[in-house]
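*Asks:* I'd like to ask some things about the structure below.
Read-outs: derived from the displayed coordinates by stated rules, not from any lab. Only a predicted model underlies this, so the values are computations on that prediction, with no experimental measurement involved. Note: ideal-geometry Cβ built from the backbone for every residue, glycine included; neighbour counts use all protein chains shown.
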């Protein structure tokens, strides 16, 4: 229970990895603010957190909008009486050959995966500095932030950008006692990978499920990753054992990409 007394805001918390992170941080003692564009889903997760004996609040937020992210951080502090941890988890996939990707597709994925992280870092950093307290900012990266994948070129570029933002923010905020790190999952059995597999099938002509199966077969530990696998690592980054770690984007992928 290393997070007792801490307050965390998790974006993209309505499902998948974000939901698992919110629940794990709550199990480890934190009170949780849940941010997502889907109000129904975060209310359901909030009920799960309350059932664990922790406090929870929700806020509908589009992370591509700076004012909404700032408002989510302010809401967290106002409702839960503190602010210690920011998990910039919200993100989307984008599957398309680079020769066919459209300006609209590029704009959408960059606005969420890159701008969303920038606004999260900015809002959280300013709030923590105004409170004159230490804190943790944790960003969603990916193995695609260490290696570019075919048909995921734009998505990979956004995750490379997250690594750069994590390093730059870590250097800028270290003197204020704020650490900034990222987590880099591999093939996680979530709705995002269902969509990736479906689009890959449409583009390549492979059967639905074949792309997912191919990637899972390449995992050294022999199984797909679960959201809970990711959440356990994020809890470590959020806790005191990671106080001397900043600017890093480690992979937690079961053995797929090695650096």
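*Asks:* Applying a 10 Å radius around every beta-carbon, put 54-62, 213-221 in order of their mean neighbour count, most first.
*Replies:* The densest-packed peptide leads the list: 54-62, 213-221.
*Asks:* Would you please put 32-43, 15-26 in order of how densely packed they are, using the mean number of other Cβ atoms within 10 angstrom per residue and starting with the highest? Kindly include the intermediate steps, with their values, before the conclusion.
*Replies:* Values: 32-43: 22.3, 15-26: 25.2.
Descending packing order for the listed peptides: 15-26, 32-43.
*Asks:* Let me ask something additional. Please report 235, 182, 176 as a ranked list, fewest other C-beta atoms within 10 angstrom at the top and most at the bottom.
*Replies:* 176, 235, 182
*Asks:* Between segment 193-237 and segment 80-127, what is the C-alpha centre distance in whole Å?
*Replies:* 21 Å
*Asks:* While we're on this one: Please give the residues of segment 215-242, grouped as numeric ranges, whose backbone N is less than 11 Å from a label point set 7 Å along the Cα-to-Cβ vector of residue 258.
*Replies:* Counting only backbone N, you get 220.
*Asks:* Continuing with this model, one more query. Express in nm, to one decimal, how much length is gained between residue 245 and residue 210 on full extension, taking 0.36 nm for each residue of separation and deducting their alpha carbon distance.
*Replies:* 8.8 nm
*Asks:* Taking the mean number of other Cβ atoms within 10 Å as a proxy for protection, how do you rank 104-111, 188-195, 5-12, 143-150 from highest to lowest?
*Replies:* Averaged packing, sorted descending, gives the order 5-12, 143-150, 188-195, 104-111.
*Asks:* Below 8 Å, C-alpha to C-alpha, sequence gap of six or more: please give me the relative contact order for the chain in percent.
*Replies:* Working: 546 pairs, mean separation 49.3, N = 259.
After rounding, I find 19 percent.
*Asks:* So, one more: Give me log10 I(q)/I(0) at q = 0.18, 0.26 Å⁻¹ for segment 55-127, Debye formula, one equal scatterer per alpha-carbon, no solvent.
*Replies:* So the normalised log intensities are -0.70, -1.16.
*Asks:* Kirkwood Rh and Cα-based Rg: tell me the resulting Rg over Rh for segment 162-259, rounded to two decimals.
*Replies:* 1.08
*Asks:* Using the Kirkwood formula on the Cα atoms of the chain, what hydrodynamic radius do you get, in angstrom to one decimal?
*Replies:* The Cα-based Kirkwood calculation yields 18.2 Å.
*Asks:* Give me the percent of Cα-Cα pairs in segment 105-217 that sit more than 20 Å apart, rounded to a whole number.
*Replies:* 48 percent
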